[in-house]
Amino acid sequence: MTTDARALEAAQLHAEELRTTIRYHDYRYHVLAQPEIGDSEYDRLYRELVDLEEQHPELVTPDSPTQRVGGQAVEGFATIQHREPMLSLGNVFNGEELRAWHARVCRLVERDAFAMVCEPKIDGLAMSLVYRAGRFATGATRGDGTRGEDITANLRTIRALPLVAGRGEDRSPEAFEVRGEVYMPRPEFERLNAERAAAGEQLYMNPRNTAAGSVRQLDPAITASRRLALFAYQLGWVEGRAPVDSQWGALEWLRALGFPTSPHARRLQTVEEVEAFCAEWAERRDSLEYDIDGVVVKVDEFALQRQLGIVGREPRWATAFKFPAEQAVTRLRGIDVSVGRTGVLTPFAVLEPVFVGGATVSLATLHNEEQIRLKDIRAGDDVIVQRAGDVIPQVVGPVLSRREGRDLEAFEMPSACPVCHTPVQRDPSEARTYCPNRDCPVQLARQLEHFASRGAMDIEGLGEQLSFRLVDLGFVRTLSDLYALPDRREELLQLEGIGAKTLDALFARIEASKRQPLHRLLIGLSIRHVGGETARALALYFGSMDALRAAPLEEIMGVEGIGPIVAQSVHDSLHDERTAALVDRLRAAGVRQDEDISARGGPLEGVQIVVTGALTQWSRNEIEELIKRLGGKVGSSVTKNTAYLVAGEGGGSKRTKAEQLGTPILDEDGLLEVLRDRGWTPD
Ligand code: IVH
């Protein structure tokens, strides 16, 4: 052998080794969901194979993992005739219908029990995948059930689809067909839509339609960019000896060959168990990262399946237990605008009532102006409404084909507040519209409702209705009036539907709310951008409203977890005359304005420390916890208020800043020393 030939042989062996390794890791990742190596290690292996194949193009094999996106864009798809028709499924919608299906099968096979395989019914697209000599040969859509489109080149780009069945081991029959569902995982759908939103492009409606659009791309490179996934759920025709005699066996066999199958499939013996399985998944459907619209129930044994046969286009040996539809189409009567507690105007949909996800829906969220524009939703459109689980109903988008011939106007935000008619203002940085009038009665009522809510001052019984009444009737003109309500007991007793008992209970809760810690008050004040996390961070850091009010912007910005926009908003609000006056009145009414900081008097009390770089003795969390536990404060950037910078490996810019300001820089041992000097001993 010449040196060249020997080198080529070595390269070929190495390439084959790399391919086997990559296929193995694909299998761990896509089928077992138990990756053994990280993304960068995988990418390294992949890169190495790409390089090797570039050096020796003659060594490239069609089933190499690098060849998923091969081929050129096509003009259109060829059709493929399915050797066996792709059937559809009969439906059952409740336990009673399921038991009727079971009873009928029992009667037909003259048995009183039989095993069933239950699989989540994935809401994607059915595919027929043909393998010859262990290699993926052709893939087609369901089409009309008899003929589908040849989308082999696109399907090859799906990472979860094995190009080699059995990873080269000779375990598969001569040729066989696998049926499965191609779908788009929800996170991928959201990623795509976020990209489109950023580019100002019209948004996709749902993962299923997007998956359908993606597999039918004429250019496989586009399909490849969509990161579709696959579950195999059925063994079609087999040339040679059929390797299994049941659905459960088929799923196991497919999995062993490297096909991803649903990890949630179960073999069950009784119809009661099946019913419980269906009920469980109806509840848990949102916990999956892909949409399911039911459970497919299949008779397990092939012998029984054959005996039951097919009627029309539906096998008698399987049925789909369908969940209530989470989407429905209805007419969008109009787009109204509501005003929130911070004055933000939010458009919402007024719908022709429609039954969806188990309830009648007549109002739905449209999210915000930008979404309406991106989805091109117009009053008068027929729209898709979605109600999933406990999430508030939302308008997914218009059915554009039903707009034809009608002249509908694009939505525009009103130029004045729908409640107080003050001209609105736009916040360019956030693309939001505000009513700037802080005396707008809706804002006050919403603020009151929020002030009293569970996460804020927790005044049970003071909900939306009562908040609006108190504001409308003039009992509350500013939040602090709440604490003067007990003085107006007699007047309040005149109100319809409020008895003495209810009222006194409410007064007791109003009184109790005075003892809420500072962070609850901060949440209750409806300061823009301040939610629970921020409020807690501020309260723990500053300890009292006075300290927070006295803090310069720079110090607020330095609190761990608080960004510049939030800090600015907090600072501005507390220095705003009205808020300042409100805070003073609340204090005068007896409302507490400090936080229990358990570490008061700790060795680091009042000491602000910034941590940077990689530490060895502690994780970032651990050291921050420790500092806080000892009464110290963790800052996010070095300022003149910073007492120490604890710096590990790396940590460039903070170290430079500390050097400029002359802030002491400690390593981990240095910190321990400081702590010991302050009288602390590690436990
Ligand atoms: S079995 C004869 N199993 O549901 C049995 N179908 O109408 C044929 N589907 O379009 C289908 N998950 O794409 C089966 N685990 C599953 C499935 C499943 C989703 C889809 C399939 C077909 C429709 C059935």
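The values are calculated or read from the model by the stated rules, or taken from the named source; none is laboratory data. Because the structure is predicted, anything quoted here is derived from the model rather than measured. Cβ: placed from backbone, ideal geometry, glycine included. Neighbour counts: every protein chain shown. Remember, those area values only see protein heavy atoms, side chains included, never the ligands or the DNA or RNA. Shrake-Rupley method; radii C 1.70, N 1.55, O 1.52, S 1.80 Å.
A simple rule links phi to the HN-Hα coupling: the Karplus curve 6.51 cos²θ - 1.76 cosθ + 1.60 with θ = phi - 60°, which for segment 521-527 gives 5, 4, 4, x, 6, 6, 7 Hz, with x for Gly and Pro.
Residues whose amide H falls under 5 Å from that of residue 476, counting only those 5 or more places apart or on a different chain, are 471, with hydrogens built in the peptide plane. By accessible area, using a 1.4 Å probe on protein heavy atoms only, segment 98-173 has 46% of its surface on carbon and sulfur. Rounded to the nearest 20 debye, the dipole size of segment 306-345 about its Cα centre is 160 debye, using +1 on the Cβ of Lys and Arg and -1 on the Cβ of Asp and Glu.
For segment 571-683, the dipole from Cβ point charges (+1 on Lys and Arg, -1 on Asp and Glu) about the Cα centre works out to 300 debye, to the nearest 20. Relative contact order, whole percent, for segment 392-487 stands at 15, derived from Cα pairs under 8 Å and 6 or more residues apart. Judged by the gyration tensor of its Cα atoms, with axes a ≥ b ≥ c, segment 219-271 is oblate; a/c meets the 1.5 cut and b/c is at least as large as a/b. Only Cα sites of the chain enter the Debye sum here, all with the same form factor; the resulting log10 I(q)/I(0) across q = 0.06, 0.09, 0.10 1/Å is -0.55, -1.07, -1.16, listed in q order.
Distances between placed amide hydrogens fall under 5 Å for residue 399 paired with 382, 383, 384, all partners being 5 or more residues away or on another chain.
Taking 159, 186 and ordering them by how much accessible surface each has at a 1.4 Å probe, largest first, produces 159, 186. Look at the dipole of the chain built from charges on Cβ: of 305, 356, 194, the Cα furthest out on the positive end belongs to 356.
Each residue of segment 339-344 was assigned a 3J(HN,Hα) from its phi angle through the Karplus curve 6.51 cos²θ - 1.76 cosθ + 1.60 (θ = phi - 60°); the sequence is 10, x, 6, 9, x, 5 Hz, with glycine and proline shown as x. Remark on the chain: 106, 118, 278 stand apart, with no other cysteine beta carbon under 4.7 Å. Whole-Hz Karplus values for segment 603-617 come out as x, 10, 3, x, 9, 9, 10, 10, 10, 8, x, 8, 8, 10, 7 Hz, taken residue by residue from phi with 6.51 cos²θ - 1.76 cosθ + 1.60 and θ = phi - 60°; glycine and proline positions read x.
Report the relative contact order of the chain, percent, no decimals, based on alpha-carbon pairs under 8 angstrom and at least 6 residues apart. About 9 percent, as a whole number. Ligands, DNA and RNA left out, the 1.4 Å accessible surface of segment 475-518 is 49% carbon and sulfur atoms. The C-alpha atoms of segment 165-229 occupy a region whose extents along the principal axes are 50, 20, 18 Å, arranged from largest to smallest. Extending 7 Å from Cα along the Cβ direction at residue 581 and again at residue 219 yields two label points whose distance is 6.2 nm.
Charging the Cβ of each Asp and Glu at -1 and of each Lys and Arg at +1, and nothing else, the dipole of segment 184-255 about its Cα centre rounds to 100 debye.
Per residue, the accessible area of segment 468-585 comes to 48 Å² when a 1.4 Å probe rolls over the protein heavy atoms.
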